[in-house]
Amino acid sequence: MNWSLFWDLTVSGVTLGSVYALVALGYSMVYGILKLLNFAHGDVYMIGAFMGWFALHWLGGPVNPSAAAWLVVVLMFAFAMVACGGLGVVIERFAYRPLRNAPRIAPLISALGVSFFLQNSALLLFGASFRDYDTFHLIGGKTYSYKDIFLSVPQLLTIISAVALMIGLTLLVARTKIGKAMRATSFDREAASMMGIDVDRVIASTFFIGSALAGAAGVMFALVFGQIYHFMGFLAGLKGFTAAVIGGIGSIPGAMLGGLLVGLAESYATGYLPQGSTFQNLYVFALLIAIILVRPQGLLGKADVKKV
């Protein structure tokens, strides 16, 4: 067995999986509270990538940044996360809140409409040309190695940042007041409201956090792969949704696990399966179908209990 190839594919898969996991977390958080599939989430990820690019160039660009490279990267993440968090709150307020008590198909159609709106707005405002982060000039091309494992700086940054954000989200949901309010609202929205929880505030906070994570994922993807464009959110959104379903939509640990599995499946398919570089998406969605057939609620999801 070619262990060098195996570890290269594993590193690539974990890097991609970290990005997909952050996107999947947004799907799972919103679905857990509203039972809504926010199909505009992938386009929020795309907006995050563009916000990071604009922040980079406002700070002098990758060649002559006006501050230290690490500070530029931190500010890129901060700007993209805040901008996308604000965008998520606006989407919830104007596209989803008026339809909260409507039949479930109505907010779903609204989500698709918001997705198309964001895609075409990005095309109108930013153009159809690809934008390049030029990561090599920004943070260098240094590679860290251990035996047959090689990690570039962007890959290492992506994995560490994703793990830190996932741990932070887990602690926020488990130990903070807003996290407890989120859990109560997801369990029974009406009962939470009667207990004095501001449900509208909790839902807006959920959209802010989920969208901020998507914005961070957009910057991570661009740092690793360089180029961004207005349609990049469509496939990433599908992969994030796939990860959420595989892990168990509504489950935060499930979203993390699903993201890593999708990233690894895509990477291993590229390296090992016939014409994997061409049909990698086919293999990923075949994995989704197989898991749904065997365990419809996802790997870490819980089956809905129907009262008779």
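Residues being without any contact (Cβ under 8 Å) to a residue 40 or more places away in the chain and crowded, with 20+ Cβ neighbours inside 10 Å: count how many of those fall in the range 255-303. Working first, answer last.
So the first thing to find is which residues in the range 255-303 are without any contact (Cβ under 8 Å) to a residue 40 or more places away in the chain, and the list is 269, 273-280, 282-283, 286, 289-290, 293-296, 303.
Restricting the remaining residues to those that are crowded, with 20+ Cβ neighbours inside 10 Å gives 269.
Count: 1.
Residues checked against (1) out of contact with any Ser or Thr (no Cβ under 6 Å at 6 or more places or on another chain); (2) surrounded by fewer than 21 Cβ atoms within 10 Å (Cβ to Cβ):
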site: Gly52; (1), (2): yes, no
site: Ala55; (1), (2): yes, yes
site: Leu59; (1), (2): no, yes
site: Pro65; (1), (2): yes, yes
site: Ala78; (1), (2): yes, yes
site: Val90; (1), (2): yes, yes
site: Ala95; (1), (2): no, yes
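When you check Thr143 against the structure, is it hydroxyl-bearing (Ser, Thr, Tyr) and in contact with a helix residue (DSSP H, G or I) (Cβ under 7 Å, 6 or more places away or on another chain), yes or no? Give the steps one after another, and end with the answer.
Working: hydroxyl-bearing (Ser, Thr, Tyr): yes; in contact with a helix residue (DSSP H, G or I) (Cβ under 7 Å, 6 or more places away or on another chain): no.
It is false that Thr143 is hydroxyl-bearing (Ser, Thr, Tyr) and in contact with a helix residue (DSSP H, G or I) (Cβ under 7 Å, 6 or more places away or on another chain).
Select from the range 69-123 the residues that are among the aliphatic types (A, V, I, L, M), free of Cβ contacts under 8 Å to residues at least 24 places away in the same chain, more than 30 Å from Val153 (Cβ to Cβ) and in contact with a helix residue (DSSP H, G or I) (Cβ under 8 Å, 6 or more places away or on another chain) and list them in ascending order. Please lay out each step first, then the result.
Step one: list which residues in the range 69-123 are among the aliphatic types (A, V, I, L, M), which gives 69, 71-76, 78, 80-83, 87, 89-91, 95, 99, 102, 105-106, 108-109, 111-112, 114, 118, 122-123.
Filter once more, keeping what is free of Cβ contacts under 8 Å to residues at least 24 places away in the same chain: 71, 74-75, 78, 90, 99, 102, 105-106, 109.
Those still in the list that are more than 30 Å from Val153 (Cβ to Cβ) too: 90, 99, 102, 105-106, 109.
Once the filter is applied, which keeps residues that are among the aliphatic types (A, V, I, L, M), free of Cβ contacts under 8 Å to residues at least 24 places away in the same chain, more than 30 Å from Val153 (Cβ to Cβ) and in contact with a helix residue (DSSP H, G or I) (Cβ under 8 Å, 6 or more places away or on another chain), the range 69-123 yields Leu99, Ala106.
Kindly indicate which of Ala212, Ala191, Ala204 is free of Cβ contacts under 8 Å to residues at least 12 places away in the same chain, closer than 22 Å to Ile33 by Cα, not β-branched (Val, Ile, Thr) and not in a loop (DSSP other than H, G, I, E, B). Write out each step before concluding.
Values: Ala212 fails: free of Cβ contacts under 8 Å to residues at least 12 places away in the same chain; Ala204 fails: free of Cβ contacts under 8 Å to residues at least 12 places away in the same chain.
Criteria check complete, one pass: Ala191.
So Leu36 passes all but one of these: (1) more than 15 Å from Gly254 (Cα to Cα); (2) outside any loop (DSSP other than H, G, I, E, B); (3) aliphatic (A, V, I, L, M); (4) within 18 Å of the chain's Cα centre (by Cα). Which condition number does it fail?
All conditions are met except number (2).
Within the range 250-292, track down each residue that is within 21 Å of Leu36 (Cα to Cα) and outside any helix (DSSP H, G or I).
Selection gives Gly250, Ser251.
Might you let me know whether the range 6-17 holds any residue that is crowded, with 24+ Cβ neighbours inside 10 Å, of a type in the set (Phe, Trp, Tyr) and in a helix (DSSP H, G or I)?
Taking the range 6-17 as the starting set, the residues that turn out to be crowded, with 24+ Cβ neighbours inside 10 Å are 15-17.
From what is left, the residues that are of a type in the set (Phe, Trp, Tyr) are none.
Checked the range 6-17: no residue is crowded, with 24+ Cβ neighbours inside 10 Å, of a type in the set (Phe, Trp, Tyr) and in a helix (DSSP H, G or I).
Please work out if Phe241 is buried (at least 24 other Cβ atoms within 10 Å of the Cβ) and not β-branched (Val, Ile, Thr). So that I can check it myself, show each step before the final result.
On the way: buried (at least 24 other Cβ atoms within 10 Å of the Cβ): yes; not β-branched (Val, Ile, Thr): yes.
In short, yes.
Bear in mind that the values in this text are calculations on the coordinates, not laboratory data. Since this is a predicted model, take the numbers as computed values, not measurements. Here Cβ is always computed from backbone atoms with ideal geometry, including for glycine, and neighbour counts include all displayed protein chains.
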